[in-house]
Structure formats: C-alpha cells, structure tokens
C-alpha cells in the first residue's frame with residue numbers, strides 16, 4: 001500500500017510539474033503578445049532587433065528554402081498527378097496537389113525548417129544569456145528583457161514563418177499549374193476557378209492563423225525553455241533539447257487541431 005501511495009505521489013508531482021511548465025509557456029507567450037500589441041513598445045531599438053531576427057530567420061535562408069520547397073513540391077505534385085491519372089481522376093489533380101501542399105504540408109514543413117534553423121539557435125542564445133546573468137544585468141540597469149529581447153524575436157519569428165509559408169505556397173501553386181497544364185496560357189481561367197474554390201475566406205483565415213501559430217511556437221517555446229535552464233553552463237544543451245521536444249509536440253498539436261477543424 002505504501003508503495004502505491006509513493007507511486008501515485010510521484011505521478012501527481014510529475015503531472016503538476018508538467019502543467020506548471022506549460023502554464024509558464026502560455027504566460028510567457030501571452031506577455032509577449034501583449035507587448036507586441038502595445039504601440040509605444042515600437043521604438044528604434046525594438047525595430048532593430050525585429051529586423052535582425054527577420055534577416056537571420058528568413059532572408060538568410062530564403063534561397064535554400066525556396067529550392068527545397070520547389071523540389072519537394074515538384075516531387076509530390078508529380079506523385080499526385082500520376083496517381084490521379086491512374087485512377088481516372090485527372091480533373092482533380094490540380095486541386096488535390098494544391099490542397100495537400102499549400103493548405104497542409106508546406107506550412108508545417110516551413111515551421112519545422114525554421115525551428116531547426118532558428119528555434120534551436122534562439123533557445124541556446126537565451127539559455128546562455130540566462131546562465132551568464134546577462135538578463136539579470138539588463139533588468140538591473142532598467143531595461144526590460146521582455147520588451148527589448150524577447151518580444152522582437154517573437155514578432156520576427158512569426159513574420160518570418162508567415163512570409164516563408166506564403167512564398168512557398170505561391171511557388172507550389174505555380175509548379176502545380178505547370179505540372180498539370182504545362183506552359184499553356186489557355187488554362188488560366190480554369191486555374192483561377194480552382195484557386196477560388198480552394199481558398200475560400202474560411203480557408204484563408206485558417207491558413208493565416210495556423211501559420212502565425214507556428215511562428216509564435218518556434219520562438220516562444222525555445223525562449224521559455226532557455227529561461228528554465230539552471231545557472232550552470234552544462235545545462236544549456238539540456239535546455240535546448242527540452243525546448244525542441246516541446247516545440248515539436250506543439251507543432252504537431254497545431255497541425256492535428258487544424259486538420260480536425262477543417263475535415264471533421
């Protein structure tokens with residue numbers, strides 16, 4: 001009986017710790033969003049950090065990312081088109097390609113790409129700043145780290161993920177048109193009809209919200225994980241690993257929730 005009580009106690013403590021950790025993430029994210037919605041926060045220092053975050057997160061990787069998105073999109077489009085033809089569904093090939101790539105696959109892959117490229121770097125940077133007491137020094141000098149360090153990274157990350165998602169989706173749509181119709185201009189009318197059918201106002205709102213949620217996740221979760229690192233240098237890699245695991249879980253949760261709302 002005593003062993004059972006101890007087991008239940010450990011399980012309860014673990015569950016409370018898990019809930020407390022996610023509560024801190026949500027609180028941190030809400031605080032960052034409040035700062036982002038405050039017009040007075042946008043001074044020259046904050047704008048500078050936002051632009052640097054966009055540059056390192058989106059602009060630097062833009063050529064390689066577009067090549068990756070184009071190759072992946074082309075392969076998947078060819079698979080969908082060939083499968084549709086085999087089953088006598090060629091007239092649905094364009095719509096299926098765009099739905100699979102633009103509405104579902106590319107937003108998730110963009111978030112994963114940015115998470116691996118910048119999320120881990122942000123996690124490491126914040127963890128080292130926390131371990132080296134740089135954030136405490138900023139607070140002691142009257143500088144709010146949330147306003148001048150964290151919120152600009154959240155804004156830059158969200159803008160970067162949304163922008164890269166938009167560019168990859170446009171590229172995939174063009175490749176889908178070429179794969180189905182070739183370079184013939186006569187099909188533009190039918191193409192516009194398919195695009196209008198897919199991108200209804202509800203679909204556009206859902207895609208925008210999902211992309212922004214991905215952008216918030218790839219910055220908020222790594223930063224919060226970095227702040228939880230004990231003040232010892234060898235704990236920094238552990239904080240990064242914990243943050244990336246949580247981030248992957250949240251990205252999958254957002255995608256599953258999106259699919260459930262759209263198709264169930």
(message) Can you tell me which condition residue 195 does not meet? The list is (1) outside any helix (DSSP H, G or I); (2) in contact (Cβ under 8 Å) with a residue 60 or more places away in the chain; (3) surrounded by fewer than 18 Cβ atoms within 10 Å (Cβ to Cβ), and all the others hold.
(response) (1)
(message) Here is a check on your reading of the model: is residue 167 under 30 Å from residue 28 (Cα atoms), touching a helix residue (DSSP H, G or I) at 6+ places or on another chain (Cβ under 8 Å), free of Cβ contacts under 8 Å to residues at least 12 places away in the same chain and part of a helix (DSSP H, G or I)?
(response) no
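Looking at residue 147, is it at pLDDT below 85, over 24 Å from residue 79 (Cα atoms) and within 13 Å of the chain's Cα centre (by Cα)?
Taking the combined requirement at face value, the residue does not satisfy it.
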(message) Quick check on this structure: which one of 204, 233 is in contact (Cβ under 8 Å) with a residue 24 or more places away in the chain and loosely packed, with under 13 Cβ neighbours inside 10 Å?
(response) 233
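Going by the conditions given, is residue 180 surrounded by fewer than 18 Cβ atoms within 10 Å (Cβ to Cβ), assigned to a helix (DSSP H, G or I) and modelled with pLDDT under 85? Full working, then the answer.
On the way: surrounded by fewer than 18 Cβ atoms within 10 Å (Cβ to Cβ): no; assigned to a helix (DSSP H, G or I): yes; modelled with pLDDT under 85: yes.
Judged against the criteria, residue 180 is not a match.
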(request) Scan the stretch 130-142 and report the pairs whose first residue is in contact (Cβ under 8 Å) with a residue 40 or more places away in the chain and whose second residue is surrounded by fewer than 13 Cβ atoms within 10 Å (Cβ to Cβ), with Cβ atoms within less than 6 Å and a gap of 6+ or a chain change. (result) 131/231; 131/233
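With respect to residue 225, is the statement that it is surrounded by fewer than 18 Cβ atoms within 10 Å (Cβ to Cβ) and in contact with a helix residue (DSSP H, G or I) (Cβ under 7 Å, 6 or more places away or on another chain) true? First the steps, then the outcome.
Numbers: surrounded by fewer than 18 Cβ atoms within 10 Å (Cβ to Cβ): no; in contact with a helix residue (DSSP H, G or I) (Cβ under 7 Å, 6 or more places away or on another chain): yes.
Answer is no for this residue.
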(request) Kindly check whether there is at least one residue in the stretch 134-143 that is assigned to a helix (DSSP H, G or I), surrounded by 15 or more Cβ atoms within 10 Å (Cβ to Cβ), in contact with a helix residue (DSSP H, G or I) (Cβ under 6 Å, 6 or more places away or on another chain) and at pLDDT below 85. (result) yes
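When the residues of the stretch 25-42 are narrowed to those that are assigned to a helix (DSSP H, G or I) and surrounded by fewer than 14 Cβ atoms within 10 Å (Cβ to Cβ), which ends up farthest from the chain's Cα centre (by Cα)? Quick ask: steps written out before the conclusion?
Residues of the stretch 25-42 assigned to a helix (DSSP H, G or I): 25-36, 39-41.
So of that shortlist, the ones also surrounded by fewer than 14 Cβ atoms within 10 Å (Cβ to Cβ) come out as 26-27, 30, 34, 39-40.
Working: 26: 16, 27: 19, 30: 17, 34: 19, 39: 24, 40: 27 Å.
That would be 40.
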(message) Please count how many residues of the stretch 143-164 are in contact (Cβ under 8 Å) with a residue 60 or more places away in the chain and more than 14 Å from residue 212 (Cβ to Cβ).
(response) 8
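The values are calculated or read from the model by the stated rules, or taken from the named source; none is laboratory data. For clarity, every value in this text was computed on a predicted model and none was experimentally measured. We place every Cβ from the backbone using ideal geometry, glycine too, and count neighbours over all the protein chains shown.
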